[in-house]
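**Student:** First, the structure itself, so that you have it in front of you.
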There are 2 protein chains.
Amino acid sequence: MSRVLVTGATGFIGRQALAPLAERGFEVHALARGEPPQELAPLATWHRFDLLSPEAAADAVAEAAPTHLLHLAWYAEHGVFWSSPENLRWVEASLRLLRAFADAGGRRAVLAGSCAEYDWSHGLLVEDETPLAPATLYGASKAGLHTVGRAYAAEAGFELAWGRVFFLYGPHEDPRRLVASVARALLQGEEAPSSEGRQVRDFLHVADVGDAFAALAASDVSGAVNVASGEGVAIREVVELVGALAGREDLLRIGALPAREGDPARLVADARRLREQVGWAPRFTLEDGLRDALDWWRA
Amino acid sequence: MSRVLVTGATGFIGRQALAPLAERGFEVHALARGEPPQELAPLATWHRFDLLSPEAAADAVAEAAPTHLLHLAWYAEHGVFWSSPENLRWVEASLRLLRAFADAGGRRAVLAGSCAEYDWSHGLLVEDETPLAPATLYGASKAGLHTVGRAYAAEAGFELAWGRVFFLYGPHEDPRRLVASVARALLQGEEAPSSEGRQVRDFLHVADVGDAFAALAASDVSGAVNVASGEGVAIREVVELVGALAGREDLLRIGALPAREGDPARLVADARRLREQVGWAPRFTLEDGLRDALDWWRA
């Protein structure tokens, strides 16, 4: 039996990966700093550790004895995470975790990377082809961790896959982020200001992201894998769709906010590796996904 | 007054950087795990810490209160260091050190990188131009640390320079390495087997490397800087020169050892950044440097 240890298991993505891992036959173990939320408690065997403390990784791995690792934990405070020194502490914690996992005979590790590792002057982002040139400390920390982790996996003899996350939305999204902020405003009958939104991005519903990570963990694909839809959509279209689904297009204020300086025109993943090698496809269309997000904010 | 904290200060390079730092006006503080060797004791104010222990970096920085950091410490066990998991522990320790240094208001950090970060299918290695493609865990760990460290320095507001070390020789060299092994054999009247040695490399005497790091610390140049001569010499020529200087060419056995598989034909640094921007040039010619190394082994 394969036993997976999930970090960040109560987070935005992590909570969505637990059931899909179990569906794929894993015995699911999860890390949390405190008590898991009630709805997540039955989805895993929980281990209480804070990965930022020096001995936690070794102790957690000793307790859970995983064959597989799904490492999603990271510092994620909205806005602040791009430039926080906490990124360094998470690189350190992640390396300790990889060492502990390898020392205990772990076979396969899947870690969360980011589209922020790529050179954003390219509009189509292709694994092992588009140059990496992270413009932020967050992106650099992820890229640096992958450089070290990949070489370590090759030496220590375990498999390592690196799922690069793109743009996402869905239940439990930080209310200051795009889809959540528009959805909440409309549902409360308030105006929803947004920028012109001509930038094209690659969106996935977070439940699909969690499922994709579970599929990646269950596969034998190594290296970088874009976790994305492979389809570009203008931010503006996303906002308009939320407006239409909520029946409150009258409250949209597209263009009321300034465009973010230096925001690239187009960031879309090449998702062929995920589709063809991992054999995964999203379950949500953009419309179904946004409807689901609206339902969640309504409830 | 500028105060520099040197890590790895009793090591092969570090011990050669102490006097040159003082000559450039630094108040020199140095880290060591134990008592420093007698000949180094007067060259710095010594602080006893083991950087691999979690609190050491913060405590050392609090004690020494440096404006400058010269971080040379790393795992260096001959042969083993290329692939050891100790590399991960040194990435972790180095990130802790950078955080402590920045938190305490440090202004400028210089760290040791390696030519092993580059893609060795290129014969001329140029900073910010030759692609990085480390083939070893050691090279990947250095490259990953630089990726994270550089972005952190930009956020935290201190300068960071990254000195990429090439091939070196001189006093205190590990006796299993090329120049040291040939020199010792010849001085003991024993045969000195070596490979055909047609590979071209970029060599510096280690005293020049220590001096170059001191110059880099005293400069305001940021980013990657090759610490090298910029001149290629065939390994075979180096061996022949050691033979001639020792007067024991009769004991050379060039070609007696097999070539290392996959060893690239040519690895030479572009050293213009070091010469022109840092304003540094080596003091030893290859012949003078090898003579000095022989003298040291003789004594």
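**Student:** Would you mind telling me which numbered condition in (1) of a type in the set (Val, Ile, Thr); (2) surrounded by fewer than 19 Cβ atoms within 10 Å (Cβ to Cβ); (3) under 22 Å from A:LEU97 (Cβ atoms) B:VAL80 fails?
**Tutor:** Here B:VAL80 meets the rest and fails (3).
**Student:** Which residue out of B:TRP280, B:TRP296 is open to solvent by 80 Å² or more (accessible area, probe 1.4 Å) and closer than 17 Å to B:LEU204 by Cα?
**Tutor:** Result of the check over B:TRP280, B:TRP296: B:TRP296.
**Student:** If you scan the range B:16-47, which residues turn out to be closer than 30 Å to A:ARG96 by Cα, open to solvent by 30 Å² or more (accessible area, probe 1.4 Å) and in contact with a helix residue (DSSP H, G or I) (Cβ under 9 Å, 6 or more places away or on another chain)?
**Tutor:** Once the filter is applied, which keeps residues that are closer than 30 Å to A:ARG96 by Cα, open to solvent by 30 Å² or more (accessible area, probe 1.4 Å) and in contact with a helix residue (DSSP H, G or I) (Cβ under 9 Å, 6 or more places away or on another chain), the range B:16-47 yields only B:GLU35.
**Student:** Scan the range B:141-164 for residues that are among the charged types (D, E, K, R) and either under 15 Å from B:LEU72 (Cβ atoms) or in contact (Cβ under 8 Å) with a residue 12 or more places away in the chain (or both) and jot them down.
**Tutor:** Passing the criteria: B:LYS142, B:ARG150, B:GLU159, B:ARG164.
Residue by residue, here is whether (1) among the small types (Gly, Ala, Ser); (2) in contact with a strand residue (DSSP E or B) (Cβ under 8 Å, 6 or more places away or on another chain) holds:
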residue	(1), (2)
B:GLY157	yes, no
B:VAL165	no, yes
B:LEU187	no, no
B:VAL221	no, yes
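**Student:** Taking the stated definitions as given, is A:GLU117 touching a Pro at 6+ places or on another chain (Cβ under 7 Å), of a type outside the set (Ser, Thr, Tyr) and facing another protein chain (nearest Cβ under 10 Å)?
**Tutor:** Yes; evaluated as a whole, the condition is true for this residue.
**Student:** Just a yes or no: is a residue in the range A:135-153 open to solvent by 40 Å² or more (accessible area, probe 1.4 Å) and in a loop (DSSP other than H, G, I, E, B)?
**Tutor:** Yes - at least one qualifying residue is present in the range A:135-153.
**Student:** Further question: Can you find a residue in the range B:121-130 that is open to solvent by 20 Å² or more (accessible area, probe 1.4 Å), under 20 Å from B:PRO85 (Cα atoms) and part of a loop (DSSP other than H, G, I, E, B)?
**Tutor:** no
**Student:** Within the range A:48-64, can you find the residues that are more than 14 Å from chain B (Cβ to nearest Cβ) and open to solvent by 20 Å² or more (accessible area, probe 1.4 Å)?
**Tutor:** The answer is A:ARG48, A:PHE49, A:ASP59, A:ALA62, A:GLU63.
**Student:** Go through the range B:154-164 and report how many residues are open to solvent by less than 20 Å² (accessible area, probe 1.4 Å) and away from chain A (no Cβ under 14 Å).
**Tutor:** Total meeting the criteria: 3.
**Student:** Only strands (runs of 3 or more DSSP E) wholly contained in the range B:1-88 count here; list those with 1 or more residues that are in contact (Cβ under 8 Å) with a residue 60 or more places away in the chain.
**Tutor:** Once the strands (runs of 3 or more DSSP E) in the range B:1-88 are filtered for at least 1 residues that are in contact (Cβ under 8 Å) with a residue 60 or more places away in the chain, what remains is B:3-7, B:68-71.
**Student:** A further question follows. Given the criteria open to solvent by 10 Å² or more (accessible area, probe 1.4 Å), free of Cβ contacts under 8 Å to residues at least 40 places away in the same chain, among the acidic types (Asp, Glu) and not in a strand (DSSP E or B), does B:GLU261 qualify?
**Tutor:** yes
**Student:** Which pairs have Cβ atoms under 8 Å, sit 6 or more apart or on different chains, and link a residue in the range A:93-111 that is more than 10 Å from every other protein chain (Cβ to nearest Cβ) and surrounded by fewer than 23 Cβ atoms within 10 Å (Cβ to Cβ) to one that is outside any helix (DSSP H, G or I) and acidic (Asp, Glu)?
**Tutor:** Note: pairs meeting the criteria are A:ARG107/A:GLU159.
**Student:** Given the conditions (1) surrounded by 17 or more Cβ atoms within 10 Å (Cβ to Cβ); (2) more than 11 Å from chain A (Cβ to nearest Cβ), and given that B:TRP90 satisfies all but one, which numbered condition is not satisfied?
**Tutor:** Evaluating B:TRP90 over (1) surrounded by 17 or more Cβ atoms within 10 Å (Cβ to Cβ); (2) more than 11 Å from chain A (Cβ to nearest Cβ) leaves (2) as the failure.
**Student:** For A:THR67, which of the numbered conditions (1) open to solvent by 40 Å² or more (accessible area, probe 1.4 Å); (2) closer than 22 Å to A:GLY210 by Cα fails to hold?
**Tutor:** Of the numbered conditions (1) open to solvent by 40 Å² or more (accessible area, probe 1.4 Å); (2) closer than 22 Å to A:GLY210 by Cα, the odd one out for A:THR67 is (1).
**Student:** Select the strands (runs of 3 or more DSSP E) contained entirely in the range B:172-248, then report the ones holding at least 3 residues which are closer than 21 Å to B:TYR118 by Cβ, open to solvent by less than 40 Å² (accessible area, probe 1.4 Å) and not small (Gly, Ala, Ser).
**Tutor:** B:223-227
The values are calculated or read from the model by the stated rules, or taken from the named source; none is laboratory data. Fair warning: this is a prediction, and the values are worked out from it, not measured in the lab. Counting neighbours? That spans all protein chains shown, and the Cβs are built from the backbone with ideal geometry, glycine included. Side chains are part of the model used for accessible areas, which takes the heavy atoms of the whole protein and leaves out ligands, DNA and RNA. Shrake-Rupley method; radii C 1.70, N 1.55, O 1.52, S 1.80 Å.
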